[in-house]
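To start, the structure itself, in structure tokens.
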Amino acid sequence: MKPQKIVHEESEATSKLSNGSVYSVISKKSRWRLYLGALRPYSFCASLSPVLLGAALAHRAGYSCNVPVLLLTTLTILCLHSAGNLVNTYYDYVNCVDNKKSRDRTLVDHILTPNEVIQLGAGSYLLGTIGIFLLVIYSPAKVEHLALLFFGGLSFSFHYTGGIGFKYMALGDLVILITFGPLAVLLSYLTQTGTLSSSPLFYAVPLALNTEVILHANNTRDMETDRQAGIKTLAILLGPSGSYCLLCVLLFLPYMLLVVAAVRCSFSFMLPFITIMQAFKIERCMRHRRFDFIVEHSAKLNVLFGCLYTVACWYNGGRK
């Protein structure tokens, strides 16, 4: 059941001087910085990694990399990601999930108004739609395949907190697994090759599990505040012990899958093992309930793991 909604008063972003006077006029340059910050660019690595992985898998399957199409695909997925972040900002505020202790305080601190967040989100969806139309023209993929994956991603990005509100029903983890794993990887692969294949879905699993570590660490850290807000997350349902066990699975199962890939395909798939000490660092933080920097450590692991995993797949180019 979703938490009770309340109506918040919109207020203009203000800057205060030491004498207590308030100014509501912010320079255009500063305003654009606020807009960029509201998109949460620090989270974009979760979208970039699957796009690059999809292109690497296309190269591995014997296709040459179409750079303009890769850039268009990146832009399209980043727009959906940005829009999803803004929808999350808006609905977490409306549903009283965000507060002064939250990491995202765009609306709580009146940095932007709710109307500005809505307009930014609509603009991001529009730009993403333009991107998919350009991909219809310039990529070899069929229109129906592109539409299926794009509008599937668009629906997930909105209904994560808006509409159905998967996040509030303990289904947010599943949505993230699908969106930042198989869906994004397959879209990138499709735009490069023009074909759908089950192979990218399997290769997407290690990266999807690694990306899910970020969300699960965040939800475990915010367990108490989320419970007070009246929402249900997987971390709340599992409790501290269950959440720790799930985190260990998410952290170390990808490395086990890489061992299998190394045995069956190429030893280069052991390359991401360089990051395993970072995984143990996150495990210790969770075990000792030191949540101060666990999300940051998880994001760093995701960037390194994603890059090395993509290189491993690219290195095996031409091997089907």
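The values are calculated or read from the model by the stated rules, or taken from the named source; none is laboratory data. Just so it is clear, the structure is predicted and the values come from calculations on it, not from any experiment. Here the Cβ positions follow ideal geometry from the backbone for every residue, glycine too, while neighbour counts run over all protein chains shown. All accessible areas refer to the heavy atoms of the entire protein, side chains included, with ligands and DNA or RNA removed. Shrake-Rupley method; radii C 1.70, N 1.55, O 1.52, S 1.80 Å.
Which of the peptides 69-76, 49-56, 241-248 is most tightly packed, and how do the rest follow, going by the mean number of other Cβ atoms within 10 Å of each residue? Walk me through the intermediate numbers first.
Numbers: 69-76: 20.2, 49-56: 26.0, 241-248: 16.5.
For the peptides 69-76, 49-56, 241-248, the packing ranking is 49-56, 69-76, 241-248.
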Per residue Cα convex hull volume in Å³ - calculated over the stretch 145-224:
82 Å³
To the nearest 0.05, how large is the calculated FRET efficiency for Lys142 and Ser43 if R₀ is 35 Å and r is the Cβ-Cβ distance?
0.70
Nonlocal Lys pairs with alpha-carbon distance under 24 Å, the chain (8 or more apart, or different chains)
21
How long are the semi-axes of the equivalent ellipsoid of the stretch 215-261, defined as square roots of 5 times the Cα gyration tensor eigenvalues? Whole Å, largest first.
27, 9, 7
By how many degrees, 0 to 90 and rounded to 10, does the Cα axis of helix 67-94 deviate from the longest principal axis of the chain?
30 degrees
What is the helix-to-structure angle for 28-38, meaning the angle in degrees between its Cα long axis and the longest Cα principal axis of the chain, kept from 0 to 90 and rounded to the nearest 10?
60 degrees
Could you work out how far helix 184-193 tilts from the main Cα principal axis of the chain, as a 0 to 90 degree angle to the nearest 10?
50 degrees
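Leaving out ligands and nucleic acids, note down the accessible area per residue over the stretch 173-320 with a 1.4 angstrom probe, in whole Å². Show your work: numbers first, answer last.
Numbers: 6590 Å² over 148 residues.
It amounts to 44 Å² per residue over the stretch 173-320.
Can you figure out the FRET efficiency of Val67 with Ser198, using R₀ = 30 Å and their beta-carbon distance, to the nearest 0.05? Before the final figure, lay out the partial values.
Numbers: r = 26 Å, r/R0 = 0.87.
Efficiency for this residue pair is about 0.70.
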Segment Lys281-Leu174, extension gain: residue separation times 0.36 nm, minus the distance between their alpha carbons:
36.1 nm
By what distance, in whole Å, do the Cα atoms of the stretch 164-320 stretch along each of the three principal axes, largest value first?
52, 36, 21
Quick check: pseudo-label points 7 Å beyond the Cα along Cα→Cβ at Cys265 and Asp109, how many nm apart are they?
4.2 nm
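Hey, what number do you get for the chain at 222 nm if only DSSP H runs of n ≥ 4 count, each worth -39500 (n - 2.57), divided across all residues, to the nearest 500?
-22000 deg cm²/dmol
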Taking Cα pairs under 8 Å and at least six residues apart, what relative contact order does the chain come out at, in percent?
24 percent
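Report the FRET efficiency, 1/(1 + (r/R0)^6), for Ser30 and Tyr244, where r is their Cβ-Cβ distance and R0 is 35 Å, rounded to 0.05. Intermediate values should be presented prior to the final figure.
Values: r = 42 Å, r/R0 = 1.20.
Here the calculated transfer efficiency is 0.25.
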Estimated distance in nm for a label pair at Leu304 and Phe252, the labels positioned 7 Å out from Cα along Cα-to-Cβ:
1.8 nm
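How large a share of the accessible area of the chain, in percent, is made up of carbon and sulfur atoms when the probe is 1.4 Å and the other protein chains stay in place? Please list the in-between numbers first.
Numbers: 10260 of 15500 Å².
Carbon with sulfur: 66 percent of the solvent-accessible area.
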Can you give the log10 of the normalised intensity I(q)/I(0) at q = 0.09, 0.12 Å⁻¹, computed with Debye over equal Cα scatterers of the chain?
-0.49, -0.85
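Give me the number: length gained by fully extending Phe273 to Leu237, i.e. 0.36 nm times residue separation minus the C-alpha to C-alpha distance, one decimal in nm. Don't skip to the end; give the middle numbers.
Numbers: separation 36, 0.36 × 36 = 12.96 nm, distance 3.13 nm.
Result for the pair: 9.8 nm of gain on full extension.
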